[in-house]
Amino acid sequence: MLEDWAVVQAGCHFNIHIILFNDYLNRQYLSDSNMIKINDKITKISVIGGSQVGSDIYDLAYDVGREIAKRGAILICGGLTGVMEAACRGAKKEGGLTIGILPSADESNANKYVDIKLPTGFGYARNIPIVLSADAVIAINGGPGTLSEIGYSLTYNKPIIGLQTWQVSPFYKEDSPFIIKANSAYEAVKLAFESIKKLKP
């Protein structure tokens, strides 16, 4: 019983932390050289994908990270290896800001390209804040964990762009596709921004 209560307390604490952190991001953004102007809304894009990938998928995720940073958006991911590391590495190449929402309670598990490490101790449950913290999601390759994040993206009506990832289709053909397919890193990020623009007032 006490263990269950501890889990509830930890979850509430993490949710409050995410809310406050998102509010901070929406108010200001720091560059390496100086503080740039306050933004009413900073775009945040989550990149999801497998932790063990080949060089082709790694390079694709790297290019996605670069394109996200070039457009001035913040990159959110699960903070580990594979697609997550490659995307963060690409974003850092362009001077972007990266956030890793980690499954463990130990921030030392984050890859070296994560600027802001958010340990959760939630395991796969951390997939929910990865999705909820973003304006759009880009899925690259990935296994069952990535599929769960795709499911949460659909549940919470987050635009999701797919690059060589799962195929998830509606039962009725006349319905809109669940995942917007892209053929390149540039196109994926472009589609993500276009989808976000459609949703914003």
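Every read-out reported here was derived from the displayed coordinates using simple, explicitly stated rules and does not represent laboratory data. These numbers come from a predicted model, not from an experiment. Please note: Cβ atoms are built from the backbone with ideal geometry, for glycine as well, and neighbour counts cover all protein chains shown.
A few remarks follow.
- Peptide packing for 114-122, 178-186 was compared via the average number of neighbouring C-beta atoms within 10 Å per residue; ordered from the highest value, the list is 114-122, 178-186.
- Kirkwood hydrodynamic radius of the range 46-197, Cα pairs, Å: 14.9 Å
- Charge tally around LYS197: other residues with Cβ under 13 Å, Lys/Arg +1 each, Asp/Glu -1 each, net +3.
- Net length available on complete extension from ILE116 to LYS200 is 27.6 nm, with 0.36 nm assigned per residue and the Cα-Cα distance removed.
- The label point for ASN109 and the one for SER184, both projected 7 Å from the Cα toward the Cβ, are 3.7 nm apart.
- Check: the range 39-199 dipole with +1 on Lys, Arg Cβ and -1 on Asp, Glu Cβ, in debye: 280 debye
- Residue pairs, from the table LYS92/LYS200; LYS158/LYS197; LYS158/LYS198; LYS112/LYS158; LYS158/LYS181; LYS44/LYS93, whose Cα atoms sit over 19 Å apart: LYS92/LYS200; LYS112/LYS158
- Potential lengthening between TYR124 and GLN164 on full extension [0.36 nm per residue; Cα-Cα distance subtracted]: 12.2 nm
- Charged side chains reduced to their Cβ positions (Lys and Arg at +1, Asp and Glu at -1) give the range 32-134 a dipole of some 260 debye around its Cα centre.
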